[in-house]
Amino acid sequence: MAHPAQAAATADRGSLTPTAYFARLAYGVAAWLFVACVVVQVFLAGYAVMAGSTFEVHRSFGYTFGWLTLVLLALALVGRLTRNRVWLTVLVLVLFTLQSVFVAFRASIPMVAALHPVNALAIFWIALWLARHTGIRESRSERRARLTAPADE
């Protein structure tokens, strides 16, 4: 007979493999870390504006934590997150990449460059949603599929 704590953990995992389950756990940690980095990034931009300094630290930090978008995508795929969550993770990666593109237009097309902070807001809100909905447990659609599937005997 299984220990009650072990039985509860197995129930939380549902039909997930151990690899997928732990990838989902890691996704949650990485997603919250990414959200925290975005908040720090906004602080660094504000500091550059208010202190009259350069944006070098802001730029460097952005390149430093940008790799987390690739980690999130890999974990979303390994963790077999729902299609919606995988596509939102891809969207965060694309929006994050666009940040550098918007800055490149600062001198030639300032109206396009002005999308940089607006895009940062979109990145923040999508990343926050993903962090809050990590998908450690089965989604409703996964549970429905498992419960309606014919029993293997």
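The values are calculated or read from the model by the stated rules, or taken from the named source; none is laboratory data. Note that the structure is a prediction, hence the values are computed from the model and not measured. Neighbour counts run over all protein chains shown; Cβ positions are idealised from the backbone, glycine included.
What to note about this one:
- The residue pairs whose first member lies in the range 1-28 and is at pLDDT 50 or above, whose second member is in a helix (DSSP H, G or I) and of a type in the set (Lys, Arg), and whose beta carbons are closer than 6 Å, counting only pairs six or more residues apart or on different chains, are Ser15/Arg146; Tyr21/Arg13.
- Selection within the range 114-138: residues that are of a type in the set (Gly, Ala, Ser) and at pLDDT 95 or above. The member of this set that is farthest from Ala20 (Cα to Cα) is Ala114.
- Condition broken by Leu98, with the remaining ones in (1) of a type in the set (A, V, I, L, M, F, W, C); (2) closer than 18 Å to Leu128 by Cα; (3) surrounded by 13 or more Cβ atoms within 10 Å (Cβ to Cβ) satisfied: (2)
- Scanning the range 60-89 for residues that are under 19 Å from Ala104 (Cβ atoms) and either assigned to a loop (DSSP other than H, G, I, E, B) or in contact with a Cys (Cβ under 7 Å, 6 or more places away or on another chain) (or both) turns up just one, Gly66.
- The range 50-59, subset in a helix (DSSP H, G or I) and surrounded by 11 or more Cβ atoms within 10 Å (Cβ to Cβ), residue farthest from the chain's Cα centre (by Cα): Val57
- Check on Ile109, at pLDDT 95 or above, surrounded by 13 or more Cβ atoms within 10 Å (Cβ to Cβ) and of a type in the set (A, V, I, L, M): no
- Within the range 79-108, residues that are in contact (Cβ under 8 Å) with a residue 60 or more places away in the chain and over 15 Å from Ala31 (Cα atoms) sit with their Cβ atoms under 9 Å from residues that are outside any helix (DSSP H, G or I) and not hydroxyl-bearing (Ser, Thr, Tyr), at 6+ positions apart or across chains, in these pairs: Arg80/Leu16; Arg80/Gly135; Thr82/Gly135.
- Matching residues, the range 60-89, being under 11 Å from the mean Cα position of the chain (by Cα) and among the aliphatic types (A, V, I, L, M): Leu68, Leu70, Val71, Leu72, Leu73, Ala74, Leu75, Ala76, Val86, Leu88
- Residue that is farthest from Ala120 (Cα to Cα), among those in the range 33-49 that are of a type outside the set (Gly, Ala, Ser) and under 12 Å from the mean Cα position of the chain (by Cα): Leu33
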